[in-house]
Amino acid sequence: MKKIVCMAVITALLGQAHAAGVTLSFACDSVGAGYQECKKGADAWAKKTGNTVKVMQVPKESDQRLALYQQQLGAKSSDVDVYMVDTIWPGMIGKHLKDLKSDIPAAQQAKIFPAMLKNDTVNGKLLAMPWYTDAGMLFYRTDLLKKYGYTSAPKTWDELQAMASKIQAGEKKANPKFVGYVFQGKNYEGLTCSALEMISSFGGGSIVEPDGKITINNPKAVAGIKAMANMVGTIAPNAVTTYGEEEARQVFQSGNAMFMRNWPYAYAAGQDKGSPVKDKIGVAALPAGTGGKPAATLGGWQLAVNNYSKHPKEAASLVAYLTGAEEQKRRAIEASYNPTMPELYKDPDVLKATPFFGSLYDVFVSAVARPATVTGLKYNQVSNAFSTAVYSALTKRSTPDAALKSAASQISRAKGRSW
Ligand code: GLC
């Protein structure tokens, strides 16, 4: 009798465990529709597999997320099973991430842009699966472009400055809040991105080159930062030095800016029902600097499994599902997240929802990488030195010249004998 009761209890427990599955914690996104979109995908996987996913609240900014995750991972915490990982992180937190090479179907891996898989592969280990890619873009108001007699978006920063200043002067009469241009000007990783594409568009290199050479202190880079600093207080409000992605988007989306530098997610957000700028948004490549070419900083996010997770199999299954073609397609259509699979840039449904994925394809595949791979664990110091220097130029506490000189010496100290 005792034995039978015992068996019944065990069977019931097993049955329960099976029915309930496991509960995974997922540290995902919080910018724009990020949280809802993560939750939709995670819930779909949970329903399919009988597991549960708790999508966590995470800081908005990349650097703040990194600091928090470094603390958790440094303590070998198993609290979070799946992390959404910035494209610049694999070199910094890679040792805490599970090798996904044998968890993700080979056919799925083969569909990803090779350069993105390479970025996430360290010492032969696939430490994260590319989920969506990002590139800096120029958003503009199509209605105002027409109203002021222009036929296309500016091709150079000089043109942008002239157009923005004319339109700002005109629009300000009826709307004192109106500004010509908004971008990410606060001192954080987003400023590293917006300033890198400025210097690169003037032919000023990429701070530290892929061979490890520190090139930030050069006249073309100075010209790029000069052009950027000239915007603050003229076509961009002084407050732009407190803007991240979302602050810039709020100004643009509420109808108070002509141009905006932002990532592709801002398109779907601006096209949302009830958005004051719905159907008035144009998207173009960012302008070229004097004597240079247009440049966009490469961004993007991956999904990774915590090495200390108690449910590595289920966590890897969630990553495989979310980074698969079907879910990437849904996210591209609903929230204009750039897929990491070339085939989706030819998908008629994706192109119908987000036409610039087709027309600006070259911008996405030729975007400029931040020097994260070459600087490895020291990337944060490099990025901090650069964004702090640019910030001091934007806030007029330093000349662009002196600012980049000081960034170069700090970066050189961080490098020491080698990267
Ligand atoms: C975007 C990019 C990411 C970058 C961040 C900076 O999220 O995808 O790579 O680090 O912006 O704010």
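You will find that of Gly124, Gly91, the residue that is surrounded by fewer than 23 Cβ atoms within 10 Å (Cβ to Cβ), under 17 Å from the mean Cα position of the chain (by Cα) and not hydrophobic (A, V, I, L, M, F, W, C) is Gly91 and no other. Report whether or not Ser201 is under 30 Å from Leu351 (Cα atoms), touching a residue at least 40 places away in the same chain (Cβ under 8 Å) and more than 16 Å from the ligand (Cβ to nearest atom). Criteria met by Ser201. Among the residues of segment 292-312, write down those that are more than 13 Å from the ligand (Cβ to nearest atom) and touching a helix residue (DSSP H, G or I) at 6+ places or on another chain (Cβ under 8 Å). If the condition is that a residue be more than 13 Å from the ligand (Cβ to nearest atom) and touching a helix residue (DSSP H, G or I) at 6+ places or on another chain (Cβ under 8 Å), then Gly292, Lys293, Pro294, Ala295, Leu303, Ala304, Val305, Asn306, Asn307, Tyr308, Ser309 are the ones that fit. Here segment 76-97 is the region considered, the condition is being part of a loop (DSSP other than H, G, I, E, B) and β-branched (Val, Ile, Thr), and the residue that is nearest to Lys39 (Cα to Cα) is Val80. Every condition in (1) more than 16 Å from the ligand (Cβ to nearest atom); (2) outside any loop (DSSP other than H, G, I, E, B) holds for Glu247 except the one numbered (1). Restricting Leu73, Leu100, Leu68 to residues that are assigned to a loop (DSSP other than H, G, I, E, B) and assigned by TED's automatic domain parsing to the domain that holds Val305 narrows the list to Leu100. Show the residue pairs that are 6+ apart or on different chains and have beta-carbon atoms under 6 Å apart, the first residue being within segment 354-369 and modelled with pLDDT of 95 or more, the second being assigned to a loop (DSSP other than H, G, I, E, B). Qualifying pairs under 6 Å: Thr354/Ser336; Val363/Ala285; Val363/Ala296; Ala367/Ala296; Val368/Ser206; Val368/Ala295. Restricting attention to segment 143-154, does a residue exist that is among the aromatic types (Phe, Trp, Tyr), assigned by TED's automatic domain parsing to the domain that holds Gln250, in contact (Cβ under 8 Å) with a residue 40 or more places away in the chain and away from the ligand (no atom under 16 Å from the Cβ)? No, there is no match, as no residue in segment 143-154 is among the aromatic types (Phe, Trp, Tyr), assigned by TED's automatic domain parsing to the domain that holds Gln250, in contact (Cβ under 8 Å) with a residue 40 or more places away in the chain and away from the ligand (no atom under 16 Å from the Cβ).
The values are calculated or read from the model by the stated rules, or taken from the named source; none is laboratory data. Since we're looking at a predicted model, the values are computed, not measured. When we count neighbours, we look across all protein chains shown, and the Cβ atoms used for this are built from the backbone with ideal geometry, even at glycine.
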